[in-house]
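The values are calculated or read from the model by the stated rules, or taken from the named source; none is laboratory data. Given the structure is predicted, the values throughout are model-derived calculations rather than measurements. Don't worry about glycine lacking a Cβ; one is built from the backbone with ideal geometry, like all the others, and counts go over all protein chains shown.
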Amino acid sequence: MTIKVFGHKSPDTDSTGSPIIWAWYLNECRGQSAEPRLLGEPNTEALFVLKHWGLEKPNHLDDVTEADDVVVVDTNNEAELPDGINSANIIEIIDHHLLQGGLKTKSPISITVRPVACTATIMHDLMGSDAAKMPKAIKGAMLSCILSDTLEFRSPTTTDVDRKLAEDLASDLGIRIQDYAAEMFAAKSDVSSFSNSELLRMDSKQYEVDGTKFRVSVLETTSPSTVLARKVDLMEDMATVAEEDGVDQVLFFLIDILNEEALLFVPNELTKSVAEKSFGAEVTGDIVSLPGVVSRKKQIIPSLKV
């Protein structure tokens, strides 16, 4: 039986790279047959990483059944996983997000959830001495995951463990972090080929607050003006995406990486209320600036109020 390793829907760099890393480890170090899979199309940064390191894009996975052995990485949220996840045989979970609940297993399993910025950071520690066996491409994927999830150490989720591992990997690979991160973020910022609905879903998670269902979307960029030029159309399509996805509201945060702030789009009174109650913001228009807010996991999700 081949183990399927996958992360969340709307895969970012960590949810694309970590399945590749862990499938390599299971195959090469544990002697278990495993394959990385994706629950959606990777974002532009993740695609850049795959091409840069010569990694094959994992095959898409529509659903799982009771016949499947699976490892879940970079999430433990049932809503971000295939519909049949609770019928599958989950054998391991590796994650760095808050516990959501909802997942059921057929027997006791190994669960590792740690307060670090990146799933790949946890994997490195779990590998122990076997981490030294990682080939160049796997090291590159691991470095990329860390730089992406920490926004090159700008995010408040960054820990000393994440930073030290990234610096060690970059040294091994002969890479200057600042230069490589700039290439990654430039790739992430090129969203010209995506429709509005794709942008709103590209890096998003479903989250419920006091009975109100949100799709919390973030778009990290070094070129916010490119996205702001599409503001009117994006706001119009937020209602359509919310209806199609069965949520009450899309919350869209445009993360300005270089200025280290979030720009929250405010299309209606519900979003205005969320901005005021959650972040103490004074809303006077259809966009509100949230200085210092760059992390959905640590700053946005825990603050949400309705």
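Brief remarks on what is shown
- Boolean, Ile85 is surrounded by fewer than 22 Cβ atoms within 10 Å (Cβ to Cβ), touching a residue at least 12 places away in the same chain (Cβ under 8 Å), more than 23 Å from Val218 (Cα to Cα) and among the β-branched types (Val, Ile, Thr): yes
- Here Lys297 fulfils each of the conditions (1) assigned to a helix (DSSP H, G or I); (2) out of contact with any His (no Cβ under 7 Å at 6 or more places or on another chain) apart from (2).
- Look at (1) modelled with pLDDT of 95 or more; (2) among the basic types (Lys, Arg); (3) crowded, with 19+ Cβ neighbours inside 10 Å and you find that Lys205 fails only one, number (1).
- First in the stretch 23-51 and free of Cβ contacts under 8 Å to residues at least 12 places away in the same chain, second anywhere and buried (at least 16 other Cβ atoms within 10 Å of the Cβ), Cβ under 7 Å, 6 or more apart: Asn27/Ala34
- The lone exception for Ser155 - which of (1) surrounded by fewer than 21 Cβ atoms within 10 Å (Cβ to Cβ); (2) not in a helix (DSSP H, G or I); (3) not assigned by TED's automatic domain parsing to the domain that holds Ile257 it fails: (1)
- In the stretch 163-202, of all residues being surrounded by fewer than 16 Cβ atoms within 10 Å (Cβ to Cβ) and of a type in the set (Ser, Thr, Tyr), the one that is farthest from Leu234 (Cα to Cα) corresponds to Ser171.
- Every residue from the stretch 10-31 that is over 19 Å from the mean Cα position of the chain (by Cα) and either part of a helix (DSSP H, G or I) or more than 17 Å from Ala131 (Cβ to Cβ) (or both): Trp24, Tyr25, Leu26, Asn27, Glu28
- Of all residues assigned to the stretch 227-234, at least one qualifies as being aliphatic (A, V, I, L, M), free of Cβ contacts under 8 Å to residues at least 40 places away in the same chain, under 30 Å from Thr159 (Cβ atoms) and part of a helix (DSSP H, G or I).
- Matching residues in the stretch 173-215 - criterion: being small (Gly, Ala, Ser), assigned to a helix (DSSP H, G or I) and touching a strand residue (DSSP E or B) at 6+ places or on another chain (Cβ under 8 Å): Ser189
- Top-ranked residue of the stretch 93-134 - restricted to ones that are out of contact with any strand residue (DSSP E or B) (no Cβ under 8 Å at 6 or more places or on another chain) and in contact (Cβ under 8 Å) with a residue 60 or more places away in the chain, ranked as nearest to Leu173 (Cα to Cα): Met134
- Some residue of the stretch 242-249 being more than 24 Å from Phe185 (Cα to Cα) and assigned to a strand (DSSP E or B): yes
- Here is the figure for the stretch 190-200: residues that are at pLDDT 95 or above and touching a Ser or Thr at 6+ places or on another chain (Cβ under 6 Å) total 1.
- For Asp233: the one exception among (1) under 20 Å from the mean Cα position of the chain (by Cα); (2) surrounded by fewer than 16 Cβ atoms within 10 Å (Cβ to Cβ): (1)
- Among the candidates Lys164, Lys139, residue that is closer than 19 Å to Ser15 by Cα, assigned to a helix (DSSP H, G or I) and of a type in the set (D, E, K, R): Lys139
- The stretch 276-306, residues that are of a type in the set (Gly, Ala, Ser) and surrounded by fewer than 17 Cβ atoms within 10 Å (Cβ to Cβ): Gly280, Gly285, Ser289, Gly292, Ser303
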